[in-house]
Amino acid sequence: MARQLSFDLPAMTALGREDFFVSPANALAVAMISAHVWPGGKLVLSGPVGAGKTHLAHVWAAETGGRIVAAAELTEEMIPDLAAGPVAVEDVPAIAGDGGREALLFHLHNMTLAQGHALLMTGQSAPGFWNLTLPDLTSRIEGAQHVALEPPDDALLGAVLAKLFIDRQLYPGPEVIAYLVKHMDRSFEAAARTVAALDRLALAERREITRALAVRVLNEGAAGERN
């Protein structure tokens, strides 16, 4: 077996359509993103951290020529340029209570749709829980078509783990991923933490990522939660 090398390099996230694994947990969201034409010209995409919202936003932007912007980075100067084409606004709940940026998003919403372009908005929860304070913006967002990325099934969790390893240029055997899928917390966030912990431990000990190493990481994580 070729020796697996682990380098202390930043992870390079692959965001192409071919890098996104489709399963029953996300198939509806993928279909809606692929449709490109939404009721009223707008779509809300929700899901937990690591579920693939940013990945799908990049897939959509690549296929439509759209732009992507974080809600918290919106400025008045950006609005006319962004509204001139399809636009995805990520993590809208991050601006809840920020009257200035909520107003900017409201103007972006109106200008984008008025010019016949599509608007994609993302957040972790359903839009009814975004706690926005501008009533006009709230009503516009809650009137959008909404699709959610569901918690991962076994196939999706395994694919997410594999992708997280590949992003870090790591290639553990299938027995490692099978063990993690069976024993780890079933969330995208836990998958990211676990892969990062395995990467650090393998680098520190200059060894391959094996099932035994996976057992240690999960046991140490469980012990840390009890303390």
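Assorted remarks:
- Accessible surface calculations at 1.4 Å, restricted to protein heavy atoms, place the chain at 50 Å² per residue.
- Value at 222 nm in deg cm²/dmol, rounded to 500, when DSSP H runs of n ≥ 4 in the chain each add -39,500 (n - 2.57): -14500 deg cm²/dmol
- Set of lysines near Lys53 by C-alpha distance (under 21 Å), chain-local residues within fewer than 8 positions excluded: Lys42, Lys163
- Unit charges on C-beta of K, R, D, E only; dipole of the chain, Debye: 660
- Using the Cβ-Cβ distance between Arg211 and Val22 with R0 set to 41 Å, the FRET efficiency works out to roughly 0.90.
- Coupling constants for the range 184-192 follow from the phi torsions by the Karplus curve (6.51 cos²θ - 1.76 cosθ + 1.60, θ = phi - 60°), and in residue order they are 8, 4, 8, 8, 5, 5, 5, 4, 5 Hz; glycine and proline get x.
- Relative to the longest principal axis of the Cα atoms of the chain, the long axis of helix 174-183 makes an angle of roughly 70 degrees.
- Estimated translational D of the range 125-185 in µm²/s (Stokes, Kirkwood radius over Cα pairs; 37 °C; 0.692 mPa s): 225
- Nearest-10 value in Å² for the accessible area of Arg67, using the 1.4 Å probe: 110
- Percent of Cα-Cα distances greater than 21 Å, calculated over the range 26-148: 28
- A simple rule links phi to the HN-Hα coupling: the Karplus curve 6.51 cos²θ - 1.76 cosθ + 1.60 with θ = phi - 60°, which for the range 48-60 gives x, 4, x, 6, x, 4, 5, 4, 5, 4, 5, 4, 4 Hz, with x for Gly and Pro.
- Two-site label geometry, Asp185 and Ala155: point separation in nm, points 7 Å out along Cα→Cβ: 2.7
- With bins 5 Å wide beginning at 0, the percent of Cα pairs of the range 72-127 falling in each bin runs 4, 21, 32, 25, 14, 3.
- The range 132-227: radius of gyration over Cα atoms, expressed as a fraction of 2.2 N^0.38 Å: 1.43
- Sum of side-chain charges, Leu149 neighbourhood, beta-carbon under 15 Å (Lys, Arg +1; Asp, Glu -1): -2
The values are calculated or read from the model by the stated rules, or taken from the named source; none is laboratory data. Just so it is clear, the model here is predicted, and its values are computed rather than measured. Cβ atoms come from the backbone with ideal geometry, glycine included; neighbour counts cover every protein chain shown. SASA here: full protein model, heavy atoms, side chains in, ligands and nucleic acids out. Shrake-Rupley method; radii C 1.70, N 1.55, O 1.52, S 1.80 Å.
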